[in-house]
Amino acid sequence: PDRYAVFGDPISHSKSPKIHQLFAEQTGQSLQYTAERVPATQFTTTANTFFAEGGKGLNCTIPLKELAWKYADHKTQRAQLSGAVNTLALQADGSILGDNTDGIGLVTDLMHNHGITLKDRNILILGAGGASRGIIEPILEQSPQRLVIANRTVDKAIELAQVFSQLGTLTGCGYDALSGQQFDLIINATSTSLTGDLPPLPDQLLAKGGYCYDLAYSNQPTPFVHWGLANGAAKSVDGLGMLVEQAAEAFYIWRKVRPATETVIASMNSQRG
Ligand code: ATR
């Protein structure tokens with residue numbers, strides 16, 4: 001069978017092998033997908049070996065997405081601006097294509113799985129690191145009324161807003177500047193959930209009936225998911241659906257077959273501890 005893998009460090013808790021196994025069974029595709037712990041210092045040599053030995057495609061996760069962006073021979077437009085690549089695909093001519101399916105995975109999960117429209121909404125992204133960069137373009141494509149990026153280090157939020165300024169209206173600011181503002185959708189793209197923290201969010205930040213979405217996922221609700229529920233969110237969910245949707249997009253790039261995600265999300269949800 002054709003070989004695929006996810007590289008990252010740490011990687012032992014990766015759900016990607018299970019997700020791709022379910023996709024392969026569902027679509028009748030014959031493939032092998034493994035998870036390999038690859039530290040940043042060994043990424044290039046390990047990826048070279050993987051493709052030299054016949055591997056067809058890789059997913060790359062923390063801390064390898066920026067390295068994968070540099071590694072790709074050519075990139076899709078959405079990967080270009082995001083500065084990060086989570087999917088590498090061997091092409092017929094032997095070159096390696098780099099794509100970033102995280103943003104489309106988020107937008108698909110929001111819109112199709114949770115019924116949350118982005119058009120004309122006031123949207124706030126928390127954080128201005130790599131995770132934020134990957135989701136801005138697909139969100140702007142949905143024509144929100146306003147997109148604000150708030151970050152602890154204010155300059156990074158302002159710089160990030162400038163990078164995408166030709167694609168839509170967005171601004172960067174610090175957390176202090178959020179007082180008195182309201183948003184219909186707040187997306188947590190900081191790394192705080194991994195450490196059990198939460199950015200400093202003012203009261204009344206979430207509009208009545210608004211939504212909260214944490215890019216992180218965990219077996220227990222994250223601090224930000226809790227914050228959303230405590231602040232009257234109509235829905236406050238974590239990124240498990242995004243994980244499955246970005247995987248489906250990668251599977252499609254590799255196999256040219258689009259798996260159905262609903263049953264796979266249900267299955268992954270039922271396996272939460
Ligand atoms: P990733 O690739 O996951 O986005 P990153 O590029 O290191 O990782 O970015 C981490 C993000 O989480 C940043 O926006 C960071 O804010 P700073 O740019 O000010 O460092 C944010 N972050 C991390 N810990 C935080 C905390 N305790 N409170 C608020 N923001 C935090």
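Only the coordinates and a few stated rules stand behind these numbers; no lab work does. Just so it is clear, the model here is predicted, and its values are computed rather than measured. Methodologically, a virtual Cβ is constructed for each residue, glycine included, from the backbone with ideal geometry; neighbour enumeration extends over all protein chains shown.
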### Label-point separation in nm, Ser12 to Gln91, each point 7 Å along Cα→Cβ
3.9 nm
### Task
Over the residues of segment 1-64, compute the C-alpha Rg and express it relative to 2.2 N^0.38 Å.
1.11
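Any idea what the relative contact order of the chain is, in percent, if you count C-alpha pairs under 8 Å spaced at least 6 apart? Numbers along the way, then the final one.
Details: 560 pairs, mean separation 41.7, N = 273.
In percent, rounded to a whole number, it is 15.
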## Note on the structure
1/(1 + (r/R0)^6) with r = Cβ-Cβ of Gln80 and Lys156, R0 = 30 Å, i.e. FRET efficiency to nearest 0.05, evaluates to 0.90
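Hey, which of these cross-link pairs are over 20 Å Cα-Cα: Lys119/Lys256; Lys75/Lys256; Lys119/Lys156; Lys156/Lys208? Mind showing how you got there, number by number?
On the way: Lys119/Lys256 29 Å; Lys75/Lys256 18 Å; Lys119/Lys156 26 Å; Lys156/Lys208 29 Å.
Checking Cα-Cα distances, Lys119/Lys256; Lys119/Lys156; Lys156/Lys208 exceed 20 Å.
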### Message
Exposed loop sites here are GluC sites (Glu not before Pro) in DSSP loop states with at most 16 other C-beta atoms within 10 Å. What is the longest stretch of the chain lacking them?
### Response
142-273
### Query
Between Arg258 and Gln42, what FRET efficiency follows from the Cβ-Cβ distance if R0 is 30 Å, with the result rounded to 0.05?
0.35
